[in-house]
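The values are calculated or read from the model by the stated rules, or taken from the named source; none is laboratory data. Just so you know, these numbers come straight off a predicted model, no measurement behind them. Here the Cβ positions follow ideal geometry from the backbone for every residue, glycine too, while neighbour counts run over all protein chains shown. Ligands, DNA and RNA are excluded from the accessible area calculation, which covers all protein heavy atoms including side chains. Shrake-Rupley method; radii C 1.70, N 1.55, O 1.52, S 1.80 Å.
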Amino acid sequence: MAAGTVFVVPAATRSPATATQLLAAAVGAVPGGTARPGQEAMATAIERAVTDREHLLVQAGTGTGKSLAYLTPALLVDGPVVISTATLALQNQLVEHDLPRLAEAVTPILGRRPTFAVLKGRHHYLCLAKLEHADEEEPADTLFDDPPRQRWLGEAGRLGKQIQRLRSWADKTATGDRDELDPGVDDTAWRQVSMPARDCVGAARCPFGAECFAEASRARAREADVVVTNHSLLAVDMLAGRHIVPPHKLLVIDEAHELADRVSSAAQAELTPEAVERAGRRARPLVTPAAAEAIVEAGETLAAGLGETPAGRLTEGLPPLLHQAVTLIDAATRAALETIGDVKADDPDPVRKQQAKATLDELSTTAQRLLEQAAHDVAWIEKSETGGRRALVVAPLSVAGTLAGNLYTDRTVVATSATLTLGGRFDTVARGLGLPVAAAAVPEQRSGGAAPTSGDGWSSLDVGSPFDYPKQGILYVAAHLPRPAASGLPAAAGEELVTLVTALGGRTLGLFSSRRAATQAAELVRARTDLPVLLQGDESLPILVRKFREDRASCLFGVMSLWQGVDVPGDACQLVVIDRLPFPRPDEPLAAARAAAVDAAGGSGFAAVSVPIAAVRLAQGVGRLIRSTGDRGVVAVLDSRLETARGYGAFLRGSLPPFWYTTRPEAAIGALQRLAAT
């Protein structure tokens, strides 16, 4: 079924069914499907939370079947329900598999077939207004490329062919959704035919408003029982006053541990030389030559300021040249906006005029925010390792207040994930999501206090996992290794890695704290064994994961995106190696700023910020091992601090599944050798 499809059926009175009945029907429709106690407990708790108008945090371990656990009570809600996910993979699973199967199974009980739709940001959809002028646009980064014009001419032929294919596809597609374009096009081509929300003039003023794919997707969402969206769009919706996602009574946030970071990203803004150049190019036909030149000069000053300022957090405000550049950008963009004026329905080209205004307005707003230097914002310089990307970035120090004020009003919120408790408690995650936490709050019990803005309370529930972790897996901590110090892979940790991998004969997922460490590990294992080693970056991630899954002798080594993005059940992955505890690096600006703020208030920034971040990342990485009831294996952590560090070592272990625990190398090696023999 294509993403975005909605089954349209006549409206009917909802049946007085229960979530338990719907869940039983859904499970029974799957060959070999069996009831899971945690799944049933979760469905019942959500049904009760909706009735009581109480927010709910649910930790549901891998294998619980949490998708059906929240979808079944969602179908009993009077009105639309919104499901938000962090990853495209989960969104596709819901729309392509879980929802169609569920709709089929519960139709006899409900007396109607439930409807569902996908809601994505505007830029995911083909824009017919942009497509009309696609051939006339050049890539936005031409001014600062070297050599710019020659590169553009070299790319033009390939880009033109992709645009022509998009034109042909536009005549056939019913949704305009990029994910349905096969084969796809690159990002440069897609930018020529898609419209970011800030650039859109609105259906009423657009000559293609009646045919707009993005508007059609919103119309489908307004009529559906279940709307599936993503955290990024949910964050934009909250920041924009909640007028994008249809009104609803129940919001389910899956992969909820990712939400605060996505809201931070949505509230983040930046200035780059390329963006300033693009704004000047778009404004040039609409302003005086002097006004256009002022924008160009501001962009050049920004490029110079970024060139002389090292990457990292700006703790003492903007350096003089950057302050000058930001001031020039603010003045030049404001003057241009005043000259352009309002977008009117009778403008010759309202779309391009709106694009110019939107780009200028975004730069002006960001410049003013940076000049304000508010205590609640963090600014930093970001540069790519290759030297191509240079940006002046600003983001909020915390989004807990934003979530408290915008997430919970006029709807029940259910937040779920496999990693919501840290150190055995919900407190840290609840605070990060903007929920009030009493001083003596206890996991799995009703919290004290009322939810912000709505006056409703919240409760928490850990439904566990159907996996028998103590019998299925071992958590081995190499406590005899020296405390890791320098970046990269320490020699002793490398020797331990080779010993473990050799004992099993491959089947190893290596999760490393840096690209340098991953590369060193790959080179070492290749030199010391005959095992094939797949290294992230050598090929696309889906291809690497497929090869890893197909070759039992192989190892897959990589960095942070592998800690959450790999699902390899079975005996292809029986050893997960983690080189060191995944604390945020000192050069991660937001984490460093948040820790410094806690320190300044008399607390421990390390305990309040760095340790919880490490706990979530570590739990996600460890969770790669056991993905089904038949899985067996070992998680090896080559960082002795997990055993030896007082306080946070026990906290981190308490955030992990209850594997059989050991610090004895011979126990881990013996288990791996027995697995190798099977």
- Counting just the residues of region 424-442 that are open to solvent by less than 30 Å² (accessible area, probe 1.4 Å) and touching a Gly at 6+ places or on another chain (Cβ under 9 Å), which one comes out modelled with the lowest pLDDT? Ala441
- Return the pairs, sorted by first residue and then second, in which the second residue is charged (D, E, K, R) and outside any strand (DSSP E or B), the first residue lies in region 476-487 and is within 13 Å of Ala668 (Cα to Cα), the beta carbons are less than 6 Å apart, and the residues are 6+ apart or on different chains. Val477/Glu643; Ala478/Glu496; Ala479/Glu643
- Task: Determine which single condition Tyr661 fails, assuming it passes every other condition in (1) open to solvent by 10 Å² or more (accessible area, probe 1.4 Å); (2) part of a loop (DSSP other than H, G, I, E, B).
- Result: (2)
- Message: Looking at Thr508 and the list (1) β-branched (Val, Ile, Thr); (2) within 19 Å of Leu618 (Cβ to Cβ); (3) more than 28 Å from the chain's Cα centre (by Cα), which single condition is not satisfied?
- Response: (3)
- Message: Against the definition (modelled with pLDDT under 95, assigned to a loop (DSSP other than H, G, I, E, B) and touching a Cys at 6+ places or on another chain (Cβ under 8 Å)), how does Arg585 come out, yes or no?
- Response: no
- Mind telling me which of the residues Asp538, Asp567 ends up being under 24 Å from Lys383 (Cα atoms) and either of a type in the set (D, E, K, R) or free of Cβ contacts under 8 Å to residues at least 60 places away in the same chain (or both)? Asp538
- Task: Those residues that are aliphatic (A, V, I, L, M) and in a helix (DSSP H, G or I), I need them from region 361-412; list them, please.
- Result: Leu363, Ala367, Leu370, Leu371, Ala400, Leu403, Ala404
- Taking region 235-251 and keeping only residues that are open to solvent by less than 30 Å² (accessible area, probe 1.4 Å) and not acidic (Asp, Glu), one is left with Ala235, Met238, Ile244, Val245, Pro246, His248, Leu250, Leu251
- Query: Among all residue pairs at least 6 apart or on different chains, which show Cβ distances below 9 Å where the first residue, located in region 306-324, is part of a strand (DSSP E or B) and the second is among the aromatic types (Phe, Trp, Tyr)?
  - Reply: Gly312/Trp380; Arg313/Trp380
- Note on the structure: Being touching a Phe, Trp or Tyr at 6+ places or on another chain (Cβ under 9 Å), buried (at least 22 other Cβ atoms within 10 Å of the Cβ) and either modelled with pLDDT of 95 or more or more than 30 Å from Ala677 (Cβ to Cβ) (or both) narrows Thr416, Thr453 down to just Thr416
- Members of region 384-433 found to be under 27 Å from Pro73 (Cβ atoms) and within 17 Å of the chain's Cα centre (by Cα), listed by number: Leu403, Ala415, Thr416, Ser417, Ala418, Thr419, Leu420, Val429, Gly432, Leu433
- Task: Scan region 468-488 for residues that are at pLDDT below 95 and touching a Lys or Arg at 6+ places or on another chain (Cβ under 9 Å) and jot them down.
- Result: Arg483, Pro484, Ser487, Gly488
- Task: Collect the residues in region 599-612 that are open to solvent by 40 Å² or more (accessible area, probe 1.4 Å) and either under 15 Å from Ala260 (Cβ atoms) or outside any loop (DSSP other than H, G, I, E, B) (or both), keeping them in residue-number order.
- Result: Asp599, Ala600, Phe606, Ala607, Ala608
- Message: Quick check on my filter: what residues within region 189-199 are open to solvent by 40 Å² or more (accessible area, probe 1.4 Å) and not basic (Lys, Arg)?
- Response: Ala197
- Task: Output the number of residues of region 542-568 satisfying the condition of being modelled with pLDDT under 90 and surrounded by fewer than 16 Cβ atoms within 10 Å (Cβ to Cβ).
- Result: 5
- Only one of (1) modelled with pLDDT of 95 or more; (2) touching a Pro at 6+ places or on another chain (Cβ under 8 Å) is not met by Val533, so which one is it? (2)
- Task: Residues being open to solvent by less than 10 Å² (accessible area, probe 1.4 Å) and either over 25 Å from Asp254 (Cβ atoms) or of a type in the set (Ser, Thr, Tyr) (or both): count how many of those fall in region 210-234.
- Result: 2
- Selection over region 624-644 where residues are touching a helix residue (DSSP H, G or I) at 6+ places or on another chain (Cβ under 8 Å) and either in a helix (DSSP H, G or I) or free of Cβ contacts under 8 Å to residues at least 60 places away in the same chain (or both) yields a count of 3
- The helices (runs of 4 or more DSSP H) lying entirely within region 11-93 that contain at least 1 residues which are buried (at least 22 other Cβ atoms within 10 Å of the Cβ) and hydrophobic (A, V, I, L, M, F, W, C) are 19-28, 37-52, 66-74
- Out of Gln368, Gln355, which single residue is under 31 Å from the mean Cα position of the chain (by Cα) and within 15 Å of Ala275 (Cβ to Cβ)? Gln355
